[in-house]
Amino acid sequence: MNLRQAAIIARRELRGGLAGFRIFLLCLLLGVAAIAGIGSVRSAIDAGLSSEAASLLGGDVELNFTHRTATEEERDWIEANSTASSEVITFRSMLKARADSDEADLGISQVKAVDTIYPLYGVVELAPAMPMAEAFETRNGLPGLIAHTALIDRLGVGVGDIVRLGTQDFELRAAITGEPDGTLTDIGLGPRTMVLTESLTESGLLGAGSLFESKYRMELPAGANLPALKKEAESLFGDHGMRWKDNRNGAPGISTFVDRMSAFLVLVGLAGMAVGGVGVSAAVRAYLARKTDTIAMLKSLGATRATVFATYLMQIGVLALLGVGLGLLVGGGIPALAIPLMADLLPVPVETGFYIAPLLEAAIYGLLTALIFSIWPLARAVDISPAGLFREVSGHANRWPRWPYLLLILFLASALVTLAALFSGVPTLTLWATFGVVTALIALALAAMFTKALARRASRSRSMQGRPALRLALGSIGGPSFEPASVVLSLGLGLTVLASIGQIDSNMQSTITQELPERAPAFFVLDIQKDQMDPFREAMLADEGTEDVESAPMLRGIISKINGMPAQEVVGDHWVVRGDRGITYASTLPANSSLVEGEWWPEDYNGPPIMSFSADEAAEIGLGIGDEITVNILGRDMTAKIANLRELEFSTMRINFVMVWSENALTGAPHTFLSTVYAAPEAEGRLLRVMATEFPNITAIPVRDAISQVSATLDSLGSAIRWGAGTTLLTGFVVLIGAAAAGAEARVFEAAVLKTLGATRRRILYSFALRSLILGATAGLVALAAGSIAAWAVMYFVMETGFELHWGSAIAIVAGGALANLLAGLGFAWRPLATKPAQILRNRT
Amino acid sequence: MGSSVLSLENVQLTLQGNAGPVPILKGISLNVEKGETLGLTGPSGSGKSSLLMLMGGLESSTGGNISVLGQDFGNLNEDALARFRRNHMGIVFQSFHLIPTMTALENVATPLELAGDAEAFAKAAAELEAVGLRDRTDHYPSQLSGGEQQRVALARAAAPRPDILLADEPTGNLDSKTGESIMDLLFNLRDRHGATLVLVTHAPELAARCDRIIELHDGVLA
Ligand SMILES: Nc1ncnc2c1ncn2[C@@H]1O[C@H](COP(=O)(O)OP(=O)(O)O)[C@@H](O)[C@H]1O
Ligand SMILES: [Mg+2]
């Protein structure tokens, strides 16, 4: 091979211009821009999160305790190791408007009780603006309170109005418009209210057993040794339920979420890249088809196969670099320009800039895709025999490329998948997604071949006689052109991604909204004190709309040890040992559960502490009867042995606990009750008011609200992903237009001949429309099948729920596919129909 | 004049070229009688194909009148012209112009089907047999030689039994021996069905087989 020679020829041929490569460039541009854009936004968020880590966390370090405040010893340590520190207590409660009225509105809120030092970092933005001290100071005997705008709107109150938390009245001083240490993850249940901790002394809200968290934020001296401090704190207080966070990862929840989300979107983007690959392949094929004579000539002049391959690979390489470069410009540039404009609207901090890593990642994907999809047509083109120049036959032998080229394709494809798996950080998901895309491509290729064969047969069948328009449509689908295959592949793959996402989305939504248990509870009620339990039940049942009240004692604790060893070391990072768990006690087997192994203890059991453990979780973390579990409840270690395992029915939305202890083991510990109230929807408002006036310390979580929160979250997730899928579809449409454009010459000729033979324009249009519809519907049907299988796999294996085909989105996919292709086809039908036959037929040979 | 099948009156054609309007036909007046065979000759570029396209309604004139079988083309839109061709005209081109995705039989049957003929395929098969291609009916154009393709094109033009046959250098792309057999076929078909024939050719010996010869020079009749 002579590379210099190849380069010279390549340069000469490239002078011919880019006309045939518009689709090629656009496909690469879109694919690369989507991935580069997703990566750039992700990097901007990551950079924003890490540069504001301390302010997001509220300090350089945060020590976190559940259901208790720090002990004297812990406070001393915090003081000794920091230059400043602040205590923050968070819990959920109801904020009541117009404290004096019974008819007043209520809103659930996440309350943050702070000290005068808060916030250590950043500022709380208030409207009207004022210092924190002024916002909280006591005026006319009423302490101040500030609340998030959303909550103020909901309650219909204004600055200066009196509101109530628990039994304590406050004056609303300002609206919170910005909170330095409040982020996405806090939005969960209810907007923010802030007060001074000392103003809550009389509120009855922070009593023993109520569900609050305390956080101690530390400002460290310069040069403090974080890892050493962490080690020390964990060895001193780790066994007492202390959790450590520091500014090396200030918002782990958000950044994990952002990372997962962008990994997922990049996978969708890669599917889009594969669609673009189909367009790349079609463009290269069309280009080389025009070069058949040149290639044969080069070979007859003595160029080796390798030289010819290099000649065209260089041309394609140059164009691929151009396409990828444009894609990087768009994908990196748009976020860089748009983010500063939108920074205030985003719920997370972002730092604008050009980030090299995501651009590099996108560039690698783009170049590999261009290569993988170019080599096949290229390898076949170099096999053109010089003898072809002197023969009439245009034998379009659909031979496979020779094996070295196939190996090269396989190698490059494996490299692409491996890199994607590494970059995404979710290798298993990447491999499954790749498997899905490759399977879908194979299915689509088979479908395209099958459709072509079927169309060819059908066009020649007797039943087609007398229907020249349909016969022409079928005949041109069944003909030797690559165009129908490229339509089915590109449109089909784009629609497959869309169909699977559509099906997953509707299945998730219906799982949450429609398939709720027949008797969904109206409220989960937390923090009911033992002596309030009977009056509470009576008060609830007094309302005619109440159907039932179920309750159970509840404590919260962290599993700290298993058989005397630190729990996380024994079972790893399982959710059961990660955060604090609800624990209950009972003397009989709870309803809606059944024993799997072991015996339930007698009602008057009074031996050593024992417990019942959920069978599923026990199996997952490798626990069995006889194992000893230590739980840290409010800083106190309590230990019990597993006496039996039982199955739970989580789907019923009843109160269920992983651990049920024997009553004698826990009665001493301070605890509250958790209640589930079943009531008709119209009774909910009345019940809520009764709870707020008669039991001000308790917190009711309206289930309907919670469900709509979850489905709203899913909605926004869904729309982010749909946008990702949208770019895939857009690429598909570009390929489609490319295919239609490639076929336009053939359509123009057919139209001219048919007109000569006496066909009206309507008839010709009808034939072209049929052709587009058949191809589009084929792509849509295969996409529907492939997308549904993918969606089923996700629902069944990942979500572990059932799957149901949602016809609405299914029909939309097939119809949309047919319509999109019809539009692309008709867009290119105009010229054939408008052109006078003479112009086409005059001197065409 | 009464039995005139084709009648052209001061017909002009000016096309829009890159460097402005190009006059191609500069006032052609001509009558072709029923059953007549007319040879149209002239040097390359003189406007023969253009004139034939006008006669077939595949191009619209920019001046003058064309009327075929008493029908004034100026009053017909594109679709009406197509319907007119379907019922009255067969056209043969120098480069065959078969539809590549249809077999020989399907190509021949298409104009019959467009005319709503229920026996389109039977008639098409008979027509192919008449041009000697009985065993090529299922071949695609790419599987046929040039001469065979032109025979299919002849069969396609003749199958609907048109009143008028227009042929534009039907042998121009073929070697002389094949060309001769195509010409034999063409005149044979015409003789059998008695159609009016306009044959464009620049070969004098072919033109000589016609009843009348006219010559075109630079857009005007000599
Ligand atoms: N679309 C066009 N625009 C401008 N000029 C054209 C066009 N098509 C053909 N011509 C010119 O019209 C003249 C007559 O062409 P044509 O009818 O094909 O001649 P012939 O068939 O006698 O060789 C030629 O000079 C040709 O270059
Ligand atoms: Mg000509």
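Annotations for the structure displayed:
- Förster radius 41 Å - calculated FRET efficiency between A:ARG762 and B:VAL220, Cβ distance, rounded to 0.05: 0.60
- Region A:88-212 - Rg and Dmax from Cα coordinates, angstrom: 13.2, 40
- Calculated SAXS-style log₁₀ I(q)/I(0) at q = 0.09 Å⁻¹ - the protein assembly as shown, Debye, Cα scatterers: -1.06
- Most tightly packed first, judged by the mean number of other beta-carbon atoms within 10 Å of their residues, the peptides A:191-198, A:77-84, A:292-299 read A:191-198, A:292-299, A:77-84.
- Considering region A:546-679, its Cα convex hull presents a mean projected area of 8.2 nm².
- Alpha carbon convex hull of region B:78-153, projected area averaged over orientations, nm²: 5.2 nm²
- The protection proxy used here, the mean number of other Cβ atoms lying within 10 Å of each residue, ranks peptides B:180-191, A:729-740, A:763-774 as follows, highest first: A:729-740, A:763-774, B:180-191.
- Chain A: relative contact order in percent, alpha carbon pairs under 8 Å with at least 6 residues between: 18 percent
- Restricting the calculation to alpha carbons of region A:676-809 gives Rg and Dmax of 27.3, 90 angstrom.
- Spacing of the two label points (7 Å from each Cα toward its C-beta) at B:SER29 and A:ALA306, in nm: 7.6 nm
- 10 Å Cβ neighbours from other chains, averaged over peptide B:93-99: 6
- Calculated FRET efficiency, A:ARG22 to A:GLU647, Cβ-Cβ distance, R0 = 56 Å: about 0.35 to the nearest 0.05.
- Semi-axes of the equivalent ellipsoid for chain B, computed as √(5λ) from the eigenvalues of its C-alpha gyration tensor and ordered from largest down, come to 28, 19, 17 Å.
- Computed from label points 7 Å out along Cα-Cβ, the spacing between B:ASP138 and A:LEU826 is 3.8 nm.
- Taking a straight line from the alpha carbon of A:LYS530, these aspartates and glutamates sit under 16 Å away, with near neighbours fewer than eight places off in the same chain left out: A:GLU538, A:GLU550, A:GLU663, A:GLU694.
- For chain A, the antiparallel share of DSSP beta bridges with both residues in that region comes to about 80%.
- FRET efficiency estimate (nearest 0.05) - Cβ-Cβ, B:ASP184 to B:ASP79, R0 41 angstrom: 0.70
- Links that overshoot a 19 Å alpha carbon limit, given the list A:LYS561/A:LYS641; A:LYS836/B:LYS34; A:LYS215/A:LYS561; A:LYS291/A:LYS452; A:LYS112/A:LYS215: A:LYS836/B:LYS34; A:LYS215/A:LYS561; A:LYS291/A:LYS452
- Residue-averaged [θ]222 nm for the protein assembly as shown, counting only DSSP H segments that reach four residues, each worth -39500 (n - 2.57): -16500 deg cm²/dmol
- Cα-projected label distance for A:TRP403 with B:THR14, points at 7 Å along beta-carbon direction, nm: 7.0 nm
- Peptides B:135-147, A:166-178 ordered by average Cβ neighbours within 10 Å, highest first: A:166-178, B:135-147
- Taking the DSSP beta bridges with both ends in region B:4-221, the antiparallel portion is around 55 percent.
- Shielding value for B:83-90 is 3, the average number of Cβ atoms from other chains within 10 Å of each residue's Cβ.
- For residues of A:747-757, the mean tally of beta carbons on other chains within 10 Å: 6
Values in this text are rule-based calculations from the coordinates and carry no lab data. Fair warning: this is a prediction, and the values are worked out from it, not measured in the lab. FYI the Cβ positions are ideal-geometry reconstructions off the backbone, even for glycines, and counts take in every protein chain you see.
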